[in-house]
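Novice: One structure is given below, represented as structure tokens, and several questions about it will come after.
The values are calculated or read from the model by the stated rules, or taken from the named source; none is laboratory data. Predicted model, so just to flag it, every value in this text is computed and none were measured. Heads up, the Cβs are rebuilt from the backbone with ideal geometry, glycines too, and the neighbour counts pull from every protein chain shown. SASA here: full protein model, heavy atoms, side chains in, ligands and nucleic acids out. Shrake-Rupley method; radii C 1.70, N 1.55, O 1.52, S 1.80 Å.
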Amino acid sequence: MYGSDSNSTLQWKIKGYLKIPRFSCNLAAISHNYILVIGGYSDTLRNNQYQATNRCEVINISTTEVVDANSTFEPHAEAALVQRGDSNLVILSGIGSKNKLTSVCEYFDRESKTWHIIGSLRIARKKHSATFIDNEQILVVGGVDSRNKPIQATEILNIKTKQSRIVTEFPSQSTPILCAVSILTSYGKAIAISKNTSLHTNSIYWYDEKKSAWCYFNEYPFLFQSPSLLRLFDNRLLILGNNGNSLSQYTDSSIICIESLSGFRKIASLSHCSNGQALVQWNVDSILVLGGQNKGQAISNKSEWLNIALEKSSRGPNLLEPLSNASSISTPVFDDYGRQYQARVFVVGGKNSQGLILSSIEVLEQIFEKNIWDSQINDNSIAIIWQWFSPTVLIILIVGLFTLTLTLVYLVNSLQRQTSIERHYQLIRRENEQMLVHSIELQLEKEQIQNRSMSLQLQTLYLQMNPHFIFNSLSSLESLVVQQETSKASHYIGVFSRLLRNILNNSDNTSISLQDEILFLREYLALEQLRTGNTFDYSINDSHIVSYLQVRIPAMLTQPYIENSVKYGIGLLQDFNYKFPHQSRKGNINISFHYTTVGNNAFILCTVEDNGVGRKYAQGNLKFSSGLGRSTRVNTERLALLNAFNMQEQNVQYEDLFMPNGIPSGTRVTLYLPILSEIT
């Protein structure tokens, strides 16, 4: 992988200055080379108060040149900023003109580089939190009103209808302080972190869209003060906050918690500050915590590294100026294979220790050297390998070895059975050759022997499919063990054992009931969805074939095409989304079944459609192209044999899907599954 983890020689540098000094502004990357600076407080004083501004600026990431951008219609300070998958922005409410609350919400169009008012919140608020829950709706929670009283009402703004509505009140005695969409804790639903002022604890709630209500999930025996939220490169959430025992108590240390399947767990404590810190990700393993104030309100220029993998912190390079309420953003650069080769962090504006409002742009950057993938093992890798030998991981390894032993026994039995089948096939073929000299009265018997021969070939190819699937599943389990994701690995072993039992139970059959095939696909997709970190959604529609669930079809015929959708169509979306951010999307696989007839033959029509990168894009990717086609090639051989039973020749059809602008939008595969009423 790419290069050096040594950050000891890194130094901050001032690379430019904003047009106007400002603090508490919002930053957003609107392309791979531009950062948009939005609103905040300027250095203009009125009635001894710094005034909110509507001016916007654009920073060129490569040259750090700063130019004016189109201003927002209203000033926005202490506002919530959310970014959609197409990189367009929405800024919501906050401090507006004359430092009074505004409820106005504005939308930034990345193509035209202009702002548009898209509506107003029902309740004007500041210091609130918001997140997209789909492409059109924004969930808004928390914040305070003009009297700094916490707001319990939750509302949803629809950017299409430009209307906002109050949907529910947050549970009593709990005040929401952070909100985001979670991929682990709630599997893609919005969550909110709240503080309970009476119990001095933090709680997690998830939002149920169907019930329009917050549902309790978990609680922690500490109380975050002035928390910050960071979404990591892998979409997990990270929270930084002071661990005070009450609302008025601050300590000189902060804690960092990371998202897990059961909620959030503490991974490290920091020492230098507790309020107003900036939080950015440096690379896949490292987080950088910047500046802030201690409990004596002294502003700091210190920074700390946090290694997520090792769960350890260390001293980072000092900022050139003590900063508080500065804005920061990370702009990493990745190659075509998704490997990071440059890290770069911008810190913009803020207040210094004399209370002056700054316009400086401080930059910390590093270009990693390219190393041969397996030529070096860094200190992190050695430490992670050493940590494998924990009791929990040893148990998982024992279970994995036991599963591997069972699999090897099964493979040996399968090879013996395959050898026996091949011997039988050769015997039958010799008998067929001898029967060719017989009279026409023996024709019927000859056809029966030929049918038996084809059935044995189908069973042989089916046996070739099972080891292919088992090997991929074990590879996924190995990956989870290496990454120390013990909860996911344990769950993965349970699902995998059920799938393995089904395969063993059906190992002597070349056909399976449609109902069992659909059940197998549901468990397989659930397994793949868990393994890939919920990077895609899926649905299986069998409502049109309820009357045909007991018919028998060829076993394991649909799984390889679904595997291709997951591995190549959806698996390359991260790379695709980076190259085409305006077409960014989450993976989705839809499977449907229908009954149909072609001529005198009856079929179950199975359609597998994904919104992945398409076949042409996947085949052009050097990293994955060598793995394409093996399982589908075996399926093609099986279908060719099935065609010999007087079935149609159109068993598989491919269709590449495109958007109006020619960008690939997925693949549709149509399978004609023969109903094997006379084949067992």
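Novice: Tell me the net charge near His76. Cut-off is 13 Å between Cβ atoms, His76 excluded, with +1 for each Lys or Arg and -1 for each Asp or Glu.
Specialist: In short, +3.
Novice: Ok, one more. Over region 467-613, how many percent of alpha carbon pairs lie in each 5 Å bin up to the one with the longest distance?
Specialist: 2, 8, 17, 19, 19, 16, 10, 6, 3, 1, 0
Novice: At a 1.4 Å probe radius, carbon and sulfur cover how many percent of the accessible area of region 36-107?
Specialist: For region 36-107, the apolar C and S fraction of the accessible surface comes to 40 percent.
Novice: For Arg265, Arg84, Arg522, write out the residues from largest to smallest accessible area, computed with a 1.4 angstrom probe and no ligands counted.
Specialist: Ranking Arg265, Arg84, Arg522 by accessible area, largest first, yields Arg265, Arg522, Arg84.
Novice: Evaluate the Kirkwood expression for the hydrodynamic radius of region 1-100, namely the inverse of the mean inverse distance over all pairs of different C-alpha atoms, and round to one decimal in Å.
Specialist: Here the Kirkwood hydrodynamic radius works out to 15.1 Å.
Novice: Tell me the Kirkwood hydrodynamic radius of region 34-187 in angstroms, computed as one over the mean inverse distance between distinct C-alpha pairs.
Specialist: 16.2
Novice: Run the reach check for Lys211 against lysines, Cα to Cα strictly under 25 Å, same-chain hits fewer than 8 apart removed. What comes back?
Specialist: Answer for Lys211, where 25 Å is the Cα cut-off: Lys160, Lys162, Lys189, Lys195, Lys586, listed by chain and number.
Novice: Which of the aspartates and glutamates could a cross-linker span from Lys15 if the Cα-Cα distance has to be under 14 Å and same-chain partners fewer than 8 positions apart are dropped?
Specialist: Here the aspartates and glutamates satisfying the reach criterion relative to Lys15 are Glu65, Glu321, Glu362, Glu365.
Novice: Also, quick follow-up: State the three equivalent ellipsoid semi-axes of region 512-555, derived from the C-alpha gyration tensor as the square roots of 5 times its eigenvalues, in descending order and whole Å.
Specialist: Over the Cα atoms of region 512-555, the ellipsoid semi-axes are 24, 12, 5 Å.
Novice: Now for a different question. Order of 304-311, 331-338, 21-28 by packing, highest average Cβ count within 10 Å first?
Specialist: 21-28, 304-311, 331-338
Novice: Heavy-atom accessible area of Ile14 with all protein chains present, probe 1.4 Å, nearest 10 Å²?
Specialist: Looks like 80 Å² after rounding.
Novice: Which number comes out as Rg/Rh for region 552-627 once both Rg and the Kirkwood Rh are worked out on C-alpha atoms?
Specialist: Ratio value, two decimals: 1.09.
Novice: Name the lysines eligible as straight-distance cross-link partners of Lys19: C-alpha to C-alpha under 17 Å, and not fewer than 8 places from it in the same chain.
Specialist: List returned: Lys351.
Novice: Among Ala343, Ser314, Val333, whose Cα sits farthest toward the positive end of the charge dipole of region 310-370 (+1 at Cβ of Lys/Arg, -1 at Cβ of Asp/Glu, about the Cα centre)?
Specialist: The Cα lying farthest towards the positive end belongs to Ser314.
Novice: Continuing with the same structure: Largest first, how would Asp537, Asp145 line up by accessible area (1.4 Å probe)?
Specialist: Of Asp537, Asp145, the descending order of accessible area is Asp537, Asp145.
Novice: Okay, moving on. With a 1.4 Å probe and all protein chains kept in place, how much accessible area does His491 have, in Å² rounded to the nearest 10?
Specialist: Result for His491: roughly 100 Å² accessible.
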